Amino acid sequence: MFSYKIDEETHLSLIESRHAGELHDLIQNSLEHIKEWSAWLKDGHSIEDTNDFINRNLQQFAANEGFGMAIWHKGEMAGQIEYNYLDRENLKTEVGYWLGKSFQGKGLISKSCPVLINYAFDVLNLKRIEIRCGVENVKSRRIPEKLGFKEEGVARQSGLLHGRYIDHVIYGMLAEEWRNRNAA
Amino acid sequence: MFSYKIDDETELRLFEERNAEQVYALLTENLDRHPELNKNFSVDDAKEKIRHDLVLFSENKGLGAGIWYQGELAGSIRYHEIDWVNRSTELGYWLGEAFEGKGLVIKACQALIDHAFSALSLYRIVISCAAENKKSRAIPEKLGFKVEGVARQSEWQQERFVDMVIYAMLASE
């Protein structure tokens with residue numbers, strides 16, 4: 001019922017228990033695609049895993065520690081975007097995202113990210129947003145690059161992805177950079 | 001961030017902790033309407049109420065939302081607690097005096113009733129009002145809820161027990 005409208009075809013909403021079936025189908029239909037760069041998704045992902053995922057996410061929202069949202073396109077669940085954490089001491093967060101395979105190429109992440117960035121800077125009063133991408137995850141890296149994030153460095157062997165450690169590129173955006181960029 | 005648009009001037013928004021000061025301000029401006037609040041009601045208490053509703057929401061047992069009119073917080077509406085075994089819930093609401101007469105509570109109730117019956121597949125919705133609270137009772141009456149009875153002396157309000165009228169609507173109605 002509660003959502004954030006991006007355009008006529010696209011909106012964001014919290015993921016509730018009643019969305020479990022739809023989320024599970026989306027994950028199952030794109031399992032290999034999502035798994036390629038998502039450590040949380042394992043082989044044998046069950047409906048109980050999907051339910052746990054939703055519950056953890058809602059608990060995190062209730063505790064004011066970040067939250068994930070579904071990206072909806074033309075009435076279908078297309079993917080997910082989230083604040084991985086909200087660090088109120090250092091006033092920063094990290095944004096993560098994934099899309100079902102058939103929803104790629106529609107600019108859904110490019111449209112959704114600015115919503116989370118604006119909300120983080122303007123409403124939550126954070127100062128810094130990170131996006132971390134696998135070095136070889138070219139599609140994902142295009143998002144912060146298009147949005148004008150600065151490539152700050154490479155965290156070597158910083159994530160365990162299905163049995164191997166991968167390097168992450170760290171992209172950062174500061175509140176004043178985002179405001180200047182939008183004012184320009 | 002998350003809202004449900006009712007019309008061009010009115011929307012419901014899920015309460016978040018950062019709304020605590022607005023909730024506190026509106027409640028304390030209308031203290032005479034809130035016999036349930038104690039005299040030392042603070043911003044922290046408002047935050048605690050919001051947290052309570054967020055935890056309910058996260059457990060799929062309810063929700064609390066602000067009613068916003070022309071960008072201002074006007075009141076609140078909530079599912080007190082969703083009973084999934086019996087598929088029922090209770091609606092509660094309050095409104096700041098300055099926002100009366102605009103049909104805001106009726107519209108907000110309609111939205112939450114539709115959501116409860118269609119999206120959540122609930123079967124029964126209760127609204128209970130103090131017998132002497134005519135303004136509050138006008139809501140379920142206009143919405144076509146049926147009076148099921150009066151729970152005598154069932155709530156302690158303003159230093160006395162008051163009778164509560166129980167209204168209910170079934171999905172089939």
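A few points about this structure:
- At 1.002 mPa s and 20 °C, Stokes D of segment B:23-173 from Kirkwood alpha-carbon radius, µm² per second: 133 µm²/s
- Solvent-accessible area assigned to carbon and sulfur over the protein assembly as shown amounts to 45 percent, based on a 1.4 Å probe.
- Vicinal HN-Hα couplings computed from phi for segment B:6-13 (Karplus, 6.51 cos²θ - 1.76 cosθ + 1.60; Hz; Gly/Pro x): 9, 8, 4, 10, 10, 8, 9, 10
- Given +1 at the Cβ of Lys and Arg, -1 at the Cβ of Asp and Glu and no other charges, the dipole of segment B:1-159 around its Cα centre is 480 debye to the nearest 20.
- The count of lysine pairs in segment A:32-184 with alpha-carbon distances below 20 Å, taking only pairs 8 or more places apart or on different chains, stands at 18.
- Estimated [θ] at 222 nm from DSSP helical runs (n ≥ 4, -39500 (n - 2.57)) normalised by residues in chain B, nearest 500: -8000 deg cm²/dmol
- Computed from point charges on the beta carbon alone (+1 for Lys and Arg, -1 for Asp and Glu), the dipole magnitude for segment A:3-129 about its Cα centre is near 360 Debye.
- The share of C-alpha pairs in segment A:106-165 whose separation exceeds 16 Å stands at 54 percent.
- Chains A and B together bury roughly 2000 Å² of accessible area, counting both sides, with a 1.4 Å probe on protein heavy atoms only.
- Cα-centred dipole magnitude for segment B:104-173, charges only on beta-carbon of K, R (+1) and D, E (-1), debye, nearest 20: 140 debye
- Farthest toward positive dipole pole in chain A [+1 Lys/Arg, -1 Asp/Glu at C-beta], among A:Ile6, A:Ile143, A:His162: A:Ile143
- Accessible heavy-atom area order of A:Lys74, A:Lys92, highest first, probe of 1.4 Å: A:Lys74, A:Lys92
- What the phi angles of segment A:95-105 give under the Karplus curve with 6.51, -1.76 and 1.60, with θ = phi - 60°, is a coupling list of 9, x, 7, 7, 10, x, 4, 6, 9, 6, x Hz, glycine and proline written as x.
- Based on alpha carbons, the Rg and Dmax found for the protein assembly as shown are 22.7, 69 Å.
- Under 5 Å from the amide H of A:Phe2 lies no amide H of any residue 5 or more positions distant or on a separate chain, with H modelled from the backbone and absent for Pro and chain starts.
- Placed amide H near B:Gln157: partners under 5 Å, 5+ positions off or other chain: B:Val162
- Only DSSP H runs of four or more residues enter the estimate; each adds -39500 (n - 2.57), and after division by the residues of chain A the mean residue ellipticity at 222 nm equals -9500 deg cm²/dmol.
- Accessible area in square angstrom per residue, the protein assembly as shown, 1.4 angstrom probe: 50 Å²
- Taken over chain B, lysine pairs spaced eight or more positions apart, or on distinct chains, with alpha carbons under 25 Å apart number 28.
- Average 1/r across all pairs of distinct alpha carbons in segment A:33-130, invert it, and you get the Kirkwood radius: 14.5 Å.
- Here the mean projected area of the convex hull built on the C-alpha positions of segment A:16-88 is 5.3 nm².
- Normalised alpha carbon radius of gyration of chain A [divisor 2.2 N^0.38 Å]: 1.00
- Spatially, segment B:8-56 and segment B:127-173 are offset by 22 Å when compared through their Cα centroids.
- Burial of 20 Å² or greater, segment B:38-58 residues [accessible area, probe 1.4 Å, versus chain by itself]: B:Leu54, B:Phe57, B:Ser58
The values are calculated or read from the model by the stated rules, or taken from the named source; none is laboratory data. The shown structure was predicted, so the numbers you read here are calculated from the model rather than taken from an experiment. Virtual Cβ from ideal backbone geometry, glycine too; neighbours counted across all protein chains shown. Just so you know, the surface numbers come from the protein's heavy atoms only, side chains and all, with ligands and any DNA or RNA stripped out. Shrake-Rupley method; radii C 1.70, N 1.55, O 1.52, S 1.80 Å.
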